Structures are given as C-alpha cells and as structure tokens.
1. Pick from region 37-57 the residues that are out of contact with any helix residue (DSSP H, G or I) (no Cβ under 6 Å at 6 or more places or on another chain) and within 10 Å of the ligand (Cβ to nearest atom): which of them is nearest to ASP153 (Cα to Cα)?
2. Where residues in region 155-168 are part of a loop (DSSP other than H, G, I, E, B) and within 8 Å of the ligand (Cβ to nearest atom), which of them is nearest to the chain's Cα centre (by Cα)?
3. Select from region 203-213 the residues that are closer than 13 Å to LEU157 by Cβ and open to solvent by less than 20 Å² (accessible area, probe 1.4 Å) and list them in ascending order.
4. Taking region 176-185 as the region of interest, how many residues are more than 16 Å from the chain's Cα centre (by Cα) and away from the ligand (no atom under 13 Å from the Cβ)?
5. Return the residues of region 78-108 that are part of a loop (DSSP other than H, G, I, E, B), under 17 Å from the mean Cα position of the chain (by Cα) and over 20 Å from PHE152 (Cα atoms); say none if nothing qualifies.
6. Within region 135-152, identify whether any single residue is among the aliphatic types (A, V, I, L, M), modelled with pLDDT of 90 or more and more than 16 Å from the ligand (Cβ to nearest atom), and answer yes or no.
7. Do you know which of the residues in region 70-122 that are over 30 Å from GLY179 (Cβ atoms) and among the aliphatic types (A, V, I, L, M) is most open to solvent (accessible area, probe 1.4 Å)?
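The values are calculated or read from the model by the stated rules, or taken from the named source; none is laboratory data. Just so we're clear, the structure is a prediction, and the values are computed from it rather than from any experiment. Don't worry about glycine lacking a Cβ; one is built from the backbone with ideal geometry, like all the others, and counts go over all protein chains shown. All accessible areas refer to the heavy atoms of the entire protein, side chains included, with ligands and DNA or RNA removed. Shrake-Rupley method; radii C 1.70, N 1.55, O 1.52, S 1.80 Å.
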Amino acid sequence: SSNIRVTPHPSFDVLAATTAARLITRLLDVQSERGEATVVLTGGSVGIATLAAVAASPARLAVDWGKVNFWFGDDRFVETGSPDRNLRQASEALLDHIPVDPARVHAMAASDTAADVDEAAALYVAELAAAAAAEWENDDASPAQAPAVPRFDVLLLGLGPDAHIASLFPEMAGIRTKGTPAVGVRNSPKPPPERVSLTLEAINSAQEIWIVAAGADKAAAVGLGLAGASEVQVPASGARGVNKTLWLLDEAAAAKVPGAL
Ligand code: 6PG
C-alpha cells in the first residue's frame with residue numbers, strides 16, 4: 001500500500017551510508033519542528049554499520065545530539081561489557097563519538113544490573129512510561145491518559161533470516177503481548193537465549209519504521225515480512241501511529257521483491 005516503500009541500494013555500504021544520511025536528515029527535520037528528536041536503534045550488522053556511517057559523516061555536526069533521545073528495539077540480556085550487547089555495539093559505532101546527553105540514552109538492563117529478563121523488561125516499561133508522561137505534559141494538556149511509550153520519530157529494525165524483528169521470533173507464540181510495550185524473552189531460537197524486546201504495540205506506535213536488511217540470505221525474510229506471512233508481522237501500513245514503513249535493502253535482499261529492482 002502507499003505507505004510501505006521498498007528502496008533497493010546497490011551494496012551494503014551504500015545502504016548503510018544512505019540510511020545514515022536519511023537518519024541525519026530525519027533528526028534535523030524533527031528537531032527543527034520540535035526541538036528534540038527520538039530514534040529507536042537496532043542491533044545487527046546493517047543497523048550498526050548505519051551508526052558507524054553517521055559517525056563518519058560531516059553532516060552529523062548539524063544535529064544537536066544533546067537533544068536526541070535514544071531507545072533500543074531490543075538488547076541481549078548478557079553482561080554489560082559483553083560484545084553481544086546492542087548498547088555496546090551502538091556506543092562503539094556512534095554514541096561514544098557524539099555529544100549525547102547520557103540521560104537521553106535509554107538502555108535495556110543487562111544481566112549484571114537486573115535480576116532477570118522480567119525485571120529488565122519491567123524497568124524498561126517504567127522508563128518508557130516516564131518519558132511518555134513527561135512528553136505528554138509538555139505536548140498536550142488533554143486529561144487523556146498518556147500513552148505507554150514516547151513519540152518515536154524513527155524506529156530502525158534489523159531483519160532476521162526468519163523475518164524476526166527486534167527479539168520477536170515467529171515461533172514464539174503470544175509474542176504480541178498486548179498491553180505492554182516491552183517484554184523479557186527466554187529461549188530465543190537465536191543465541192543468546194535471553195533478551196529484552198519492544199513488542200509490536202510499541203513498534204507500531206512509531207511515526208516511521210525503517211527495516212534495514214542486506215544479503216541474499218535475507219531475500220526470503222523480506223518476502224515473509226512484506227507479505228506479513230510470518231507470525232511476527234511487520235506492522236501493516238496504517239497501523240496505529242505508523243505513518244510510513246520503509247524497507248531499506250541492498251539489491252540482494254530486494255531481489256525477490258516484485259517491482260523493487
Ligand atoms: C538477533 C539478531 C538481530 C539482528 C538481525 C539482523 O540476535 O536477534 O542478530 O539483532 O538485528 O538478525 O541482522 P543483520 O542486520 O546482520 O542482517
């Protein structure tokens with residue numbers, strides 16, 4: 001439908017560089033309108049290469065990074081220092097190289113800072129709610145209940161070979177977990193076994209969702225995700241709050257998408 005767009009790029013590097021440029025522009029546009037901007041980061045090779053491309057771009061200097069709020073779509077429930085942590089990979093690629101406001105970097109708890117994944121998820125739910133309430137007071141005096149999550153101006157998602165997004169795996173029943181924006185995940189089919197993940201409810205609330213995927217091994221997953229055939233469906237266009245879903249792919253991942261090339 002009209003607000004799902006599939007954009008192929010000639011190579012992995014061009015995909016990362018272009019997504020970085022797109023992200024910088026998106027943050028600038030939102031900041032000029034609202035004074036601050038919010039991005040939800042993803043792990044995975046494309047997501048992290050995108051952050052490294054931002055760090056390498058002179059255009060990054062135009063962004064007021066102290067007014068950017070960073071959240072994560074998921075993180076692995078491992079030790080803080082583990083190389084498996086998305087926060088660590090994002091920090092090494094970008095966050096350590098720009099003047100972020102540490103209070104605006106919202107990381108999911110690690111296995112050395114929370115008792116278990118359920119506590120880690122509960123902590124994140126509380127952090128999301130606090131940010132949403134603060135934003136709600138600023139933005140809207142309506143007595144309505146503030147939403148469970150703040151406004152996500154852009155939410156990045158890597159795509160697993162099985163079409164999983166964040167740490168929401170197709171074979172895990174009940175993954176939608178209606179009524180909560182973040183969950184603890186155990187027995188993930190992809191190691192490490194324990195993670196904290198946003199749910200579809202939180203993902204669907206984003207203003208824009210950008211799914212980034214590269215490689216021929218992702219072509220089938222892209223097809224699954226686009227067709228919504230997987231248990232964990234990438235939000236159909238028009239889902240509450242989602243104004244635009246971009247599939248940013250390299251040519252190998254776009255190969256099977258009719259009309260994409
Ligand atoms: C995981 C995966 C996930 C990653 C996707 C996409 O552990 O759940 O590693 O974090 O985002 O698998 O990975 P690529 O961007 O490398 O294709």
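1. THR42
2. ALA166
3. Taking region 203-213 first, the residues closer than 13 Å to LEU157 by Cβ are 203-204, 206, 208-213.
Across region 203-213, the qualifying residues are ILE203, ALA206, ILE209, TRP210, ILE211, VAL212, ALA213.
4. Qualifying residue count for the region: 6.
5. First, pick out the residues of region 78-108 that are part of a loop (DSSP other than H, G, I, E, B): 78-85, 94, 98-101, 106-108.
Subset that is under 17 Å from the mean Cα position of the chain (by Cα): 84-85, 94, 106-108.
Hits for region 78-108 are ASP84, ARG85.
6. Residues of region 135-152 that are among the aliphatic types (A, V, I, L, M), as a first pass: 141, 144, 146, 148-149.
Within this subset, residues satisfying the condition of being modelled with pLDDT of 90 or more are 148-149.
Those left that are additionally more than 16 Å from the ligand (Cβ to nearest atom): 148-149.
Yes, some residue in region 135-152 is among the aliphatic types (A, V, I, L, M), modelled with pLDDT of 90 or more and more than 16 Å from the ligand (Cβ to nearest atom).
7. Going through region 70-122, the residues over 30 Å from GLY179 (Cβ atoms) turn out to be 79, 81-83, 88-89, 91-102.
In the following step, the residues that additionally are among the aliphatic types (A, V, I, L, M) were identified as 93-95, 98, 100.
Details: ALA93: 16, LEU94: 4, LEU95: 12, ILE98: 16, VAL100: 35 Å².
The qualifying residue most open to solvent (accessible area, probe 1.4 Å) is VAL100.
Here's the yes/no breakdown for (1) outside any loop (DSSP other than H, G, I, E, B); (2) at pLDDT below 95:
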| site | (1), (2) |
| --- | --- |
| THR177 | no, yes |
| PRO189 | no, yes |
| PRO192 | no, no |
| GLU201 | yes, yes |
| VAL212 | yes, no |
| ALA221 | yes, yes |
| VAL232 | no, yes |
| THR245 | yes, yes |
| LEU261 | no, yes |
